[in-house]
Amino acid sequence: MSFNGPAKNANWVNDQEFDYEVWTDTNKTLAQYYGSVDGPNSLIPGRVTVLLDEDGKLILEYMEGTSSGGHPQEVLEDCQAIFGQK
């Protein structure tokens with residue numbers, strides 16, 4: 001998720017060759033809901049990762065220590081354990 005607009009996110013996703021969506025949260029509603037910002041005046045979201053099931057129910061969250069180092073691998077392994085290997 002990003003506070004950037006959809007066009008900027010789409011360009012970034014394309015440049016990074018991501019195989020997943022990056023959501024736009026310009027009004028910071030979801031960021032506030034999941035605790036990655038203190039309020040609507042926050043300029044930069046904190047790193048929070050949440051895994052939701054197909055109904056949108058929260059099943060796992062990573063609130064701190066989410067760096068681009070080992071975090072993506074940890075999330076992938078958790079997804080494979082929860083949802084099965086694809």
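Please treat every number below as a calculation from the coordinates, not as lab data. Computed from a predicted model, the values in this text were never measured in an experiment. So basically every Cβ, Gly included, is an ideal-geometry build from the backbone, and we count neighbours across all protein chains shown.
Worth pointing out:
- Degrees separating the helix 6-16 axis from the principal Cα axis of the chain, which is the longest one: 40
- Sorted fewest first by neighbouring Cβ atoms within 10 angstrom, 49, 29 come out as 29, 49.
- Against the chain, whose longest principal axis is taken from its Cα atoms, helix 71-83 shows a tilt of about 60°.
- As a proxy for reagent exposure, 62, 20, 33 were ordered by neighbouring Cβ count within 10 angstrom, fewest first; the result is 20, 33, 62.
- Per-residue Cβ neighbour rank within 10 angstrom, fewest leading, 15, 78, 53, 25: 15, 53, 78, 25
- Filtered trypsin sites (Lys or Arg not before Pro), the range 1-85: DSSP coil and at most 16 other beta carbons within 10 Å: 47, 57
- Computed helical MRE - 222 nm, the chain, DSSP H runs ≥ 4 contributing -39500 (n - 2.57), nearest 500: -10000 deg cm²/dmol
- Projected area averaged over orientations for the chain, convex hull of C-alpha atoms, nm²: 6.3
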